[in-house]
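**Student:** Got a structure here, written out as structure tokens. Questions coming.
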Amino acid sequence: EQAQHLFCLSWKTCNVALLSCVIKQPCSYFWHIFKMRTFSTSISLARCLSRQQQKRIGAVIGVGFVSYGLYTYSDNDKNATIGTRIFDRDFAVCSPVAVGVFAWGSNQFGQLGIGSDKDQALPRQLSFFKDNDLVPVSLSAFGNMTAVVSSVGHCFTFGFDAEANQSIPTPLVYKDGDIPKIIQVDVGGMHGAALTAEGDVLTWGNGWQGQLGNGEESSSQFPVKVAADGVNFVQVSCGHKHTAAIDTNGRLWTWGCGRDAALGLGDRSSTSRPIIVEGLTDVIQVSCGHESTLCLTKNGQVFSWGSNDYGQLGHGATVNRYEFKPKMIRSLKNETVSQIASGDYHCSCVTKDGKVYTWGMGKDGQTGHADKVDIDQPKLVNRLKDKKIRQVACGGGHTCAISDEGQLFVWGRGRSGQIGRADNIESVAAYRSTPQHVDTFSKMKVLRVDCGGDHTVALAEG
């Protein structure tokens, strides 16, 4: 057969669903026995015997809201090499089809990774990864920084950081030159964080607000280990000056600048060491904004806290400029949310049936409602209600969404080209207040997207 389906299963005892996926190859394969862990639960799935040896299997397996891409080079269980990748939502990629990194928008600090500082109004593929035979599997963008993780666990960063501007992807290495094996990365205002295969969080960049989490208030050019001995993490997220991470027990830890209550610790104090956020259980995803934090729990509920200047916390009309502790977004209580995203001052989420909600700052049209009005609680993006969206991303003033078919939609601020349509480049009027299809990917499948301050990065195949 030309395509072999991986069946959608449900693990009732731990409320975990294995998402259905299709392998489209001339010759399809069954799976070797492999194990996947979501938080403290281990799941074994057996589907053995391939039709050919030494062929790479490409597929996507979603486990709950933490994702794994898997591959093997052998049809013998004993000799099978299983690669596992964990990401911050229910999508990962490890594909036998060529996957490329594409970037567009502002490039003032080299954040597009194309070797120059020239803005790009259309998506441009980065030659670095193709030329070096690197398979990208995950990426992150925030502010003027970008990071990409390869299939062998090497992390590459480019753009503005605490030390210099880098327009060519540069590998993340320890001070002694060793290369850490990374399975997930996230970048913030001037710092970054990466999750290792061992469950440790490494941080680097500006640390003057304690956002590196190593017990010091100083910057580091090289990655340092977060001070959380004995804690195994599964996801990390960076804001402008704070950081958050989820451990294997579903607890949320935060550290860094607390001036705007983004840590959720009940006050405005800062900390250079991780502290557990009280009142939250079974957290499966966290997303840090500029001065706020958003998290998702296993039962599909969304909580937010921090600065609320533009309604980005989503709690409706309120006199509170700050929320010091996690507060559930009640207007979403009848929805089961599957993924969340924080931008600088606006947020978005996707429900299990593919609907998109946005809220917060709207002055550049980034909420997608055909206006430029701030919204203080989640509102359905009507233009996408028939598209069945599976991932969203929010930036400084624009928003992206990927449909189940792999088509990319972008809206919001576009004066630096981040919309990706080459419309009115460099014009302050070049915003789009409703979702726009990015035609560059019409014959491709977009796998993953993220937004920086004024740039966009994506993984696409085809």
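**Student:** Which entries of Lys363/Lys445; Lys325/Lys387; Lys130/Lys225; Lys352/Lys385; Lys225/Lys327; Lys130/Lys387 show an alpha-carbon separation above 23 angstrom in the structure shown?
**Tutor:** Lys363/Lys445; Lys325/Lys387; Lys130/Lys225; Lys225/Lys327; Lys130/Lys387
**Student:** Quick one: His398, His315, His437, fewest Cβ neighbours within 10 Å first, how do they rank?
**Tutor:** His437, His315, His398
**Student:** Show the residues, 5+ positions off or on another chain, whose built amide H is closer than 5 Å to the amide H of Tyr431.
**Tutor:** Under 5 Å from the amide H of Tyr431: Gly414.
**Student:** With label points built 7 Å along Cα→Cβ from the Cα atoms of Ser269 and Thr170, find their separation and express it in nm.
**Tutor:** Label-label distance for Ser269 and Thr170, simple model: 3.6 nm.
**Student:** Can you sort Ser416, Ser127 by how many other beta carbons sit within 10 Å, fewest first?
**Tutor:** Placing the least packed residue first, the sequence is Ser127, Ser416.
**Student:** Could you give me the ³J(HN,Hα) list for region 386-402, computed from phi with Karplus coefficients 6.51, -1.76, 1.60 and θ = phi - 60°, whole Hz, x at Gly and Pro?
**Tutor:** Per residue, the Karplus-derived 3J(HN,Hα) values read 9, 9, 6, 7, 10, 8, 10, 8, 10, x, x, x, 9, 9, 10, 8, 10 Hz.
**Student:** Okay, next question. Amide H of Asp374 versus every other amide H placed in the peptide plane: which residues, excluding those fewer than 5 positions away on the same chain, fall under 5 Å?
**Tutor:** Amide H neighbours of Asp374, under 5 Å, 5+ apart: Gly362.
**Student:** Still on this structure, I have one more. Test of understanding: what is the full-extension gain from Glu216 to Thr281, defined as 0.36 nm times their sequence separation minus their Cα-Cα distance?
**Tutor:** Taking 0.36 nm per residue and subtracting the Cα distance, the gain is 20.6 nm.
**Student:** Moving on. Give me Rg/Rg_expected for region 127-197, where Rg uses Cα atoms only and Rg_expected = 2.2 N^0.38 Å with N residues.
**Tutor:** Ratio of Cα Rg to 2.2 N^0.38 Å: 1.02.
**Student:** Which aspartates and glutamates does Lys118 reach when only Cα atoms under 16 Å apart count, and residues fewer than 8 places away in its own chain are ignored?
**Tutor:** Glu426, Asp454
**Student:** If you don't mind, there's one more thing I want to ask. What number results when the radius of gyration of region 226-293, computed over Cα atoms, is divided by 2.2 N^0.38 Å?
**Tutor:** 0.98
**Student:** Starting from the alpha-carbon convex hull of region 100-461, give the projected area averaged over all orientations, in nm².
**Tutor:** Value for region 100-461: 15.9 nm².
**Student:** Rounded to whole Hz and in sequence order, give me ³J(HN,Hα) for region 133-144 from the Karplus expression 6.51 cos²θ - 1.76 cosθ + 1.60, θ = phi - 60°, writing x for Gly and Pro.
**Tutor:** 6, 9, 9, x, 10, 7, 8, 8, 9, 6, x, 10
**Student:** On average over all directions, what projected area in square nanometres does region 367-462 have, based on the convex hull of its Cα atoms?
**Tutor:** 5.8 nm²
**Student:** So how far, in whole Å, is the C-alpha centre of region 437-462 from the one of region 127-201?
**Tutor:** Answer, in whole Å: 19.
A short reminder: the numbers here are calculations on the coordinates, not readings from a lab. Everything numeric in this text was worked out from a predicted model, so none of it was measured. Neighbour counts are summed over all protein chains in view; Cβ atoms, including those assigned to glycine, are modelled from backbone coordinates with ideal geometry.
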